[in-house]
């Protein structure tokens, strides 16, 4: 009887554990360490401009058993955009360019995930969603690679058990699509902005 | 005075070029912060860290050449000393 009870308890525990691992997980991308960042590159024939932004936040809910149900949003504080030249930085934040006083957020809202491929804990997919920059919202599709790091949260936040999710993406948008100083000559400031996103989110265990 | 101004002009141009070359001969705009990459061992992500550092660019070089050129032009207004 005791043996049967133990078997039932063990089976139930295993069942719950597998259900728990299949359940959707929410990852928080706010990062005090400053690791999460986006870089941007405008490579024009006469000038190359590059910089970074590290004010990343947002939440993504993902179920690796059902990745197409992934939802969430990633935000970047536009005021954290940085380039090495102070005059260029001032212009970039100014009203002709990004107008960060009025448009403090750069946002990507994830709406659909397709072409999902898995290789162990590494997943790749195409994500479609609304990208909002300088008050203009456009639907874009971007390639992403997602790596789940099970149980690695305690290494980042000692004393906190949980998982980490690393998202990487590289995509290109057009400056003219978002009304960013459309008068600026494209031989000096490229119309194409290559954005690279490298972020990690935390999902503490309750 | 003429000779002194020519000498200052040449010294300024040469000194600035040497300073620019020693600071990395950066062909872009001058920078007041420099990016270095660091690796986060846990996630494997490399991330940028900025340090305050002045790196002279071509604008710095150009400004020095303009001042040196102006000094040379001013020098032309002074008479040559008779031998």
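The values are calculated or read from the model by the stated rules, or taken from the named source; none is laboratory data. The structure presented is a predicted model; accordingly, all values stated were derived computationally and were not measured. Don't worry about glycine lacking a Cβ; one is built from the backbone with ideal geometry, like all the others, and counts go over all protein chains shown.
Do the conditions hold for residue A:90, that is, is it part of a helix (DSSP H, G or I) and within 12 Å of chain B (Cβ to nearest Cβ)? Against the criterion (part of a helix (DSSP H, G or I) and within 12 Å of chain B (Cβ to nearest Cβ)), residue A:90 qualifies. For the range A:49-71, residues that are within 12 Å of another protein chain (Cβ to nearest Cβ) and either assigned to a loop (DSSP other than H, G, I, E, B) or in contact (Cβ under 8 Å) with a residue 60 or more places away in the chain (or both) total 3. The requirement of being at pLDDT below 95 and within 14 Å of another protein chain (Cβ to nearest Cβ) is fulfilled somewhere in the range A:23-32, by at least one residue. In the condition set (1) within 14 Å of another protein chain (Cβ to nearest Cβ); (2) under 24 Å from residue A:79 (Cα atoms), residue A:147 is compliant with all but (2). Restricting attention to the range A:137-171, the residues that are loosely packed, with under 13 Cβ neighbours inside 10 Å and within 19 Å of residue A:42 (Cα to Cα) add up to 0. Summed over the range B:20-45, residues that are surrounded by 14 or more Cβ atoms within 10 Å (Cβ to Cβ) and either within 10 Å of chain A (Cβ to nearest Cβ) or more than 16 Å from the chain's Cα centre (by Cα) (or both) total 13.
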